[in-house]
Structure formats: C-alpha cells, structure tokens
Amino acid sequence: MQRTREQNAPDRRTTGDAGRFESVDLDEPRVARARERLIAAGAGGSALVLVGDAALPRGEADCDRVLVDAPCSGTGIVGRQPEARWRKDSGDGARLAPMQSAILGASAQRLRRGGSLVYAVCSTDPRESEAVVDAFLIAQPEFTRGSISERYAQFLTPAGDVRVPPGIAGRDGFYIARLLRQA
C-alpha cells in the first residue's frame, strides 16, 4: 500500500515525549476519572491533573499551548437535551462570566510569548463568550485574536471566533476563540 504525504506526516495531535499535559478542576471525582483515562491512554507519565481552582494563578509562563474549557451555563446542549432549558436561568451567563474571566486570565499567565490559547465554552450566550474574550483583550494588550481554520467559515463571528448554534446536524452549540500572545 502506498502511503500519502498526509499519512507520512507526524501526528500533530501529539507532543511526543517532550510534551506535558496539565489540567486543573475543582471536582475531585472528575479529576480521578481524567487521571484514569490518561493512564489508560498511555499519557499518565506526562500528565499532571490537579484538584484546584483554575481561577487562581499558578506557575510560570511555560506553556506553548493552553486550552481553557471554562465552566459555563451549558446553553449549547439544549439541542441534544431539550429538557435542560428548564434547568437554566436567564442570569446564568452574567453569574458565570466573572469566573470565566478569572480562569481565562489565570490560564493566560501560563502562556509563553508567541503561544496560542483557545477559550471554549458549550454556551452560545454572548456574556460567556464574546464579552469575556473582548474584556480580556482590552485588559491584556499583548494578546490578539488568532485565525481559525477555514473549515469553520460558516460559523465565524464578525470578530473571527467560532459560534455553532445548538441543534445543527445534531451538534451541541459552542463558542471558541483563539488568542495569541505576542512574541
């Protein structure tokens, strides 16, 4: 069988032996499950999964990539779980935005100059998405929005972030912004 250039290319989803994975979560059972899954996947040695508050700054700017999967109102899941709308409160976005902002700010401190940060929430509420990112960019001028893959072109916001409404082709709704720290 002939291999294509794509098949011969290194897997860009891995960091090889040099990479490190860190995660912080307040939920002890979730941390325990994450540790078990990482060990089962063979990544336990390069993973640090901590019980803690991700909104508190920790460590130096030593990461090339940071993913912030912030706790959110979950409005993006109503397409898959219609009954969830009855558990939501119209004030959830405003209530959660300060925590999301604190987590984004603390996580951004770990990013090296020239690095990339992705902020993601499974919410389509602008208070939890654009408002959090816009306020962060105003407060942190060394960060700018980064481009997102063209495959998401139909979901790009005017600012260049991704917003997928819930229910399209059975998908959950979500928001993603890619932020770059200037070198």
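The values are calculated or read from the model by the stated rules, or taken from the named source; none is laboratory data. Here the structure is a predicted model, which means the values were calculated and not measured. The area values use the complete protein model at the heavy-atom level, side chains included, leaving out ligands, DNA and RNA. Shrake-Rupley method; radii C 1.70, N 1.55, O 1.52, S 1.80 Å.
In table form, for the structure just shown:
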| quantity | calculated |
| --- | --- |
| Protein accessible area in the range 94-183, 1.4 Å probe - carbon and sulfur % | 58 percent |
| Cα centroid of the range 106-145 to Cα centroid of the range 166-180, whole Å | 16 Å |
| Residue-normalised accessible area of the range 99-173, given per residue in Å² at a 1.4 Å probe | 47 Å² |
| Contour excess over end-to-end distance, with Cα ends at Arg145 and Ala131 and 0.36 nm allotted per residue | 3.7 nm |
